[in-house]
């Protein structure tokens, strides 16, 4: 199942801490269960797919 839009509570995922994941595949983003994880917070171990990362960055710019 893919979601067309990711909605998060502001401040829960800090996109400034996410780094592009370049290692071996670690699975799919659990929220959308769509694409493979492309971004990860190395401290909190939160991973996110490219699509959801882009949508979250866009929503933070608007707020």
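Restricting segment 14-36 to residues that are exposed (fewer than 11 other Cβ atoms within 10 Å of the Cβ) and farther than 19 Å from residue 58 by Cα leaves a set whose member that is nearest to the chain's Cα centre (by Cα) is 27.
Among the residues of segment 4-45, those identified as at pLDDT 85 or above and assigned to a strand (DSSP E or B) are 19, 20, 36, 37, 38, 39, 40, 41.
The values are calculated or read from the model by the stated rules, or taken from the named source; none is laboratory data. Keep in mind the model is a prediction, meaning the values are calculated, not measured. Positions of Cβ are generated from backbone atoms using ideal geometry, with glycine treated the same way; all protein chains shown enter the neighbour counts.
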